[in-house]
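Single-structure report; data block below.
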Amino acid sequence: MDTPAAYFHWGFILISVPNLIVIGGMIVLFAIALIAPFPHGGEEGDDVGNK
Amino acid sequence: MSATSSSEGASPGATAPESRSWTLRLRQAIDRHLPMDHLLPDRQPYYVGSWVYVFGVVTIAALAWVIASGVVLSFMGPQWWHDSRVGRFFNSLHFWSVQLFFIFMVLHLWGQYFMAGWRSGRAATWMIGVIIFGISILTAFTGYLSQQNFASQFVAINAKDAMNGAGIGAFFSVLNFGQMYGLHVMLLPIGITILVVAHIVMVRTRGVVKPIDPEGGARP
């Protein structure tokens with residue numbers, strides 16, 4: 001825990017592996033949120049709350 | 001929303017005589033701009049059925065945990081959060097809920113960026129969100145400086161040169177623990193909370209922005 005993090009170095013890109021994992025995980029989560037079906041409960045909503 | 005409200009029943013174009021009572025004028029303005037069916041809706045437009053719209057509310061949930069754990073930490077003090085098992089648990093709870101707060105805030109930002117959430121009169125909502133993001137970074141920074149351990153000293157000493165170089169070191173001194181702690185537990189959280197409430201009220205007032213190209217035709 002007290003040792004420096006490993007770094008990923010590719011051209012001008014230099015980023016620590018922990019940060020790379022977090023950003024990669026966020027991108028994966030964002031993609032899943034776009035693709036995964038959303039459960040619909042009850043009837044379809046109308047335009048309430050949408051001026 | 002009372003049945004005796006003088007604002008109800010008036011035609012939209014008619015101009016009611018200006019009341020001298022500021023409480024009446026305030027109540028009428030709230031009735032006009034913040035009706036309860038917008039503030040607490042029970043139905044949403046069909047396009048809100050996506051996990052992308054969940055990121056914002058998860059961010060708020062994380063913020064609630066940040067504030068709750070922070071209240072406990074500020075009440076018990078640094079010796080407790082470093083030396084006791086329960087204190088270390090709350091310290092970790094505070095740290096990890098902040099991580100989730102930032103992760104989901106950025107995911108919410110991505111979602112709103114790609115759907116251009118500032119359209120149709122929602123620019124102020126977007127800009128308040130940007131300000132919340134900025135203040136959150138400052139709050140996290142002062143939090144790292146408030147840990148009362150070697151890591152916070154390391155951050156403070158290394159940041160001091162940068163703050164001096166930016167010309168703000170005289171009135172924002174990262175070596176001044178009292179100032180950093182006061183900002184972290186009082187001023188900045190209050191600012192974030194007020195702006196988050198304003199952000200949510202604005203979202204609820206105007207509703208969620210429509211998709212850019214819902215029917216494959218012209219932009220709305």
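The values are calculated or read from the model by the stated rules, or taken from the named source; none is laboratory data. Everything numeric in this text was worked out from a predicted model, so none of it was measured. Quick reminder, even Gly has a Cβ in these numbers, built from the backbone with ideal geometry, and neighbours come from all protein chains shown. Just so you know, the surface numbers come from the protein's heavy atoms only, side chains and all, with ligands and any DNA or RNA stripped out. Shrake-Rupley method; radii C 1.70, N 1.55, O 1.52, S 1.80 Å.
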(message) Please pick out the residue among B:V196, B:V208, B:V130, B:V203 that is part of a helix (DSSP H, G or I), within 19 Å of B:L109 (Cβ to Cβ) and within 14 Å of chain A (Cβ to nearest Cβ).
(response) B:V203
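On the basis of being at negative phi, assigned to a loop (DSSP other than H, G, I, E, B) and of a type in the set (A, V, I, L, M, F, W, C), does B:W110 make the cut?
no
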(message) With within 30 Å of B:V209 (Cα to Cα) and either more than 7 Å from chain B (Cβ to nearest Cβ) or at pLDDT 85 or above (or both) as the only criterion, which of A:L20, A:L14, A:L29 stands out?
(response) A:L29
(request) Give segment B:35-70 a look and list any residue that's loosely packed, with under 14 Cβ neighbours inside 10 Å and in contact with a Lys or Arg (Cβ under 7 Å, 6 or more places away or on another chain), or say none. (result) B:L39
(message) Here are the criteria: (1) without any contact (Cβ under 8 Å) to a residue 40 or more places away in the chain; (2) not in a helix (DSSP H, G or I). Tell me which single one B:A116 does not satisfy.
(response) (1)
(request) Output the residue which, of all residues in segment B:139-150 that are in a helix (DSSP H, G or I) and open to solvent by 50 Å² or more (accessible area, probe 1.4 Å), is farthest from B:M186 (Cα to Cα). (result) B:F150
(request) Select, from B:G178, B:G77, B:G134, the only residue that is modelled with pLDDT under 95 and open to solvent by 30 Å² or more (accessible area, probe 1.4 Å). (result) B:G178
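Taking segment B:80-101, which residues are crowded, with 18+ Cβ neighbours inside 10 Å and either of a type outside the set (S, T, N, Q) or assigned by TED's automatic domain parsing to the domain that holds B:N149 (or both)?
B:W81, B:G87, B:F90, B:H94, B:V98, B:F101
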